[in-house]
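Everything below concerns the one structure shown next.
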Amino acid sequence: MLLRPKTVSRFRPTATPDASILAEHRSVVREINRRGILRGSLTLGALPLLTGCNVSDRDAVQSVLRSVSAFNDAVQAWLFDPNKLARTYDASLVVRPPRFNAYYEIEDVRPIDITSWKLELSGLIAEKAPWTIDQLYAFPEQEIIIKHICVEGWEYIGQWSGPNLRQFLTRVGADMRAKYVVFHGNDDYMESIDMASALHPQTILATKYAGEPIGDPYGYPIRLRTAVKLGYKNPKWLRAIEVTNTYSGGFWEDQGFNWFAGM
């Protein structure tokens, strides 16, 4: 089942909560996170009790929900450990081929003409010359066997390989102090992640699946593959990468989904 867009106003994540306040209540926050409440959303039944807003006032409800979601983003970012590795799996558990998922049907995938394709670079990057697929294939390759977890509730184990994103950003002279890395897909899907997650050891620009070039329906010729985000934070059919301090949101975030979406 494919998720369909809803119309929800764009929101910008709040700044990370004051460190002294979070430190004082660290145990409470971790317990809340463990119970999964931060991964959910505030129910309409609880809104009048917690906020005093009228649930029939759509704008007021949306404002509260966006505030809660933004706070969840900030707390998840604060709890995120950039050095903690996600679980990896044996190659015997890899699903072949990978599962297709997008906001449209597989028949609507737009094939890429690799003869003219280039990965464009922009923003806070010193060397903005575009990269060809041959250059990316020649870059040192990292393999990860990790679990893809979709917000819809399904998952599978996949075997991905390609340039480590941190090494790639270092190679092109990206400003590692920037806040965001933004990815643009050939299907007009746009997604952004925080710099700490971009630099995580298990975040790569995947060019292969199970040792073979990624096929057309699954993100050819290159897609983001990170072990520390939910599935929708891993855009496919990449055509451009931007490093920036400007918040850009993302396709599903603009429909009301959480932006940080860490695991």
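The values are calculated or read from the model by the stated rules, or taken from the named source; none is laboratory data. Given the structure is predicted, the values throughout are model-derived calculations rather than measurements. All Cβ positions, glycine included, derive from the backbone under ideal geometry; neighbour counts span all protein chains shown.
Contact map, the range 80-91: first residue in contact (Cβ under 8 Å) with a residue 12 or more places away in the chain and closer than 21 Å to Gln159 by Cβ, second residue small (Gly, Ala, Ser) and surrounded by 14 or more Cβ atoms within 10 Å (Cβ to Cβ), Cβ cut-off under 6 Å, separation 6 or more or different chains; pairs are Ala86/Ala227.
Can you tell me which residues in the range 90-107 are part of a helix (DSSP H, G or I), out of contact with any strand residue (DSSP E or B) (no Cβ under 7 Å at 6 or more places or on another chain) and modelled with pLDDT of 95 or more? Of everything in the range 90-107, just one residue is part of a helix (DSSP H, G or I), out of contact with any strand residue (DSSP E or B) (no Cβ under 7 Å at 6 or more places or on another chain) and modelled with pLDDT of 95 or more, namely Ser92. Taking the range 132-245 as the region of interest, the helices (runs of 4 or more DSSP H) fully inside it that hold 1 or more residues being farther than 27 Å from Asp81 by Cα are 133-138.
How many of the residues in the range 193-209 are surrounded by fewer than 22 Cβ atoms within 10 Å (Cβ to Cβ) and either farther than 23 Å from Tyr89 by Cβ or touching a helix residue (DSSP H, G or I) at 6+ places or on another chain (Cβ under 8 Å) (or both)? Matching residues across the range 193-209 total 4. Checking each residue in the range 144-160 for being of a type in the set (Asp, Glu) and free of Cβ contacts under 8 Å to residues at least 24 places away in the same chain picks out only Glu155. Taken over the range 114-131, residues that are in a loop (DSSP other than H, G, I, E, B) and touching a Lys or Arg at 6+ places or on another chain (Cβ under 6 Å) amount to 1. Within the range 210-226, the set of residues being hydrophobic (A, V, I, L, M, F, W, C) and surrounded by 23 or more Cβ atoms within 10 Å (Cβ to Cβ) comprises Ile214, Ile222, Leu224. In the set Ile114, Ile125, only one residue is in contact with a helix residue (DSSP H, G or I) (Cβ under 9 Å, 6 or more places away or on another chain), over 14 Å from Thr226 (Cβ atoms) and surrounded by fewer than 15 Cβ atoms within 10 Å (Cβ to Cβ); that residue is Ile114.
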